[in-house]
Amino acid sequence: MQGFESEEHERSIWQALKAQAVPLKFAYAGSAAHTHNRLASRSSYQSVATAIDAEIRATLKLLDPNVTGLSICEVGPGNGTHTVAFLRTLYQAGTSVLNYLGLDFSRELLSILERQLAQDEPRLPVHVDTWDFEAEPTTAIDSWRSSSKPVLILMIGHTIGNPYSPLACLKNIFLSSRPGDGLVLSAMLRGTQPVADLVKPYLDSVFIAAALEPLRMGGLNISEGSFHVRWEESTSAIIGEFVLSNDQRISYREETIVFSAGSIIRCFLSRRFQQNDIATLLSDAGWLIKDNCLSHDESHLAVAAFRPKPPV
């Protein structure tokens, strides 16, 4: 096994390979972070992942007129391409940002984010920290806060569509926040697109390389198999799978896994939502919705929500 950020990272991929289902977060970590960086910088990826206009409109719904600048915590910022576009549009709307915290699963990807923001937003105080936001809450937001004023938490660019449990993510963000904090959540909607149009962006050669990188890191020979993308109606998700054409054996410490020809390993799951799905997820996680903002083509929803203050 190679290209890992830590022993825990390596052990987690091993467990995922044993289960034949690798979460997409591993396509953003270790050596895979650089493959993802190539992908996220392409315009074809941005057309899938970006709905800046709706996200800005949702952000403006949460602004306190008595607050002169925002403290922004972004969960899952990736390589910073989306972040820079969001911040520039926010500035154009007349809103300033006092400081920024980026939280992501991958330390390597956070380093790429820091370089991007240092280049494009050199005056912005930037802090980063690692967080597996599907696994547990974090104390990083509280440690970073510079005052008692509310923080704006962003989970934009359809990050919520990639974890196995979107509800667990939103609950952990809620538990890591304080009453009064705002949340802007954006997600891609199912809409009426034909299935062929839904899966087409995932057949890009750079995306396929990113999706398969965690399998290569785990020791599989990815030249001995084929990659397939399909739509799964029961989960309302695009599924990427690797099908082995030959038997393969991989080892980690004292363990060995033998995959027979024809074995299928899930490489990623990317959900699409109905508008009421997002409302239910936020409500179940404890958030109160203030407003919904659709993108102009109605393919993307951005929601302005907040953590309510306890009754007096």
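The values are calculated or read from the model by the stated rules, or taken from the named source; none is laboratory data. If you're wondering where the values come from, they're calculated on a predicted model, not measured in any experiment. Cβ atoms come from the backbone with ideal geometry, glycine included; neighbour counts cover every protein chain shown.
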For this session: Could you check, for segment 262-277, whether at least one of its residues is loosely packed, with under 14 Cβ neighbours inside 10 Å, closer than 24 Å to L152 by Cα and touching a residue at least 40 places away in the same chain (Cβ under 8 Å)?
Result: no
Seminar exercise, completed: From the option list V243, V303, V258, single residue qualifying as outside any loop (DSSP other than H, G, I, E, B) and in contact with a Gly (Cβ under 7 Å, 6 or more places away or on another chain) is V243
Problem set entry | Tabulated pairs, segment 177-195, first among the polar types (S, T, N, Q), second assigned to a loop (DSSP other than H, G, I, E, B), C-beta under 7 angstrom, 6+ apart or interchain | S177/R307; S186/A51; S186/I156; S186/G157; S186/H158
For this session: Just give me the residues in segment 157-175 being among the hydroxyl-bearing types (S, T, Y) and over 22 Å from G80 (Cα atoms), in sequence order.
Result: Y164, S165
For this session: Please find, among L70, L98, L110, L62, the residue that is in contact with a Leu (Cβ under 8 Å, 6 or more places away or on another chain) and without any contact (Cβ under 8 Å) to a residue 60 or more places away in the chain.
Result: L98
Exercise. Considering L189, L183, which residue is of a type in the set (A, V, I, L, M), farther than 30 Å from F242 by Cβ and touching a strand residue (DSSP E or B) at 6+ places or on another chain (Cβ under 6 Å)?
Worked result: L183
Exercise. Out of A21, A16, which single residue is surrounded by fewer than 21 Cβ atoms within 10 Å (Cβ to Cβ), on the phi < 0 side of the Ramachandran plot, under 18 Å from the mean Cα position of the chain (by Cα) and at pLDDT 75 or above?
Worked result: A21
For this session: Filter segment 185-204 down to residues that are among the β-branched types (V, I, T) and in a helix (DSSP H, G or I) and give me whichever is surrounded by the fewest Cβ atoms within 10 Å (Cβ to Cβ).
Result: V195
Problem set entry | Whichever residue in segment 229-242 is within 21 Å of the chain's Cα centre (by Cα) and farther than 18 Å from A16 by Cβ and, among such residues, is surrounded by the fewest Cβ atoms within 10 Å (Cβ to Cβ) | E232
Problem set entry | Test: L70 is buried (at least 21 other Cβ atoms within 10 Å of the Cβ) and at pLDDT 90 or above | yes
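Has segment 205-228 got at least one residue that is under 23 Å from the mean Cα position of the chain (by Cα), assigned to a strand (DSSP E or B) and among the aromatic types (F, W, Y)?
So far as segment 205-228 goes, yes, one or more of its residues are under 23 Å from the mean Cα position of the chain (by Cα), assigned to a strand (DSSP E or B) and among the aromatic types (F, W, Y).
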Exercise. Restricting attention to segment 161-181, does a residue exist that is part of a helix (DSSP H, G or I), among the β-branched types (V, I, T) and within 29 Å of S148 (Cα to Cα)?
Worked result: yes
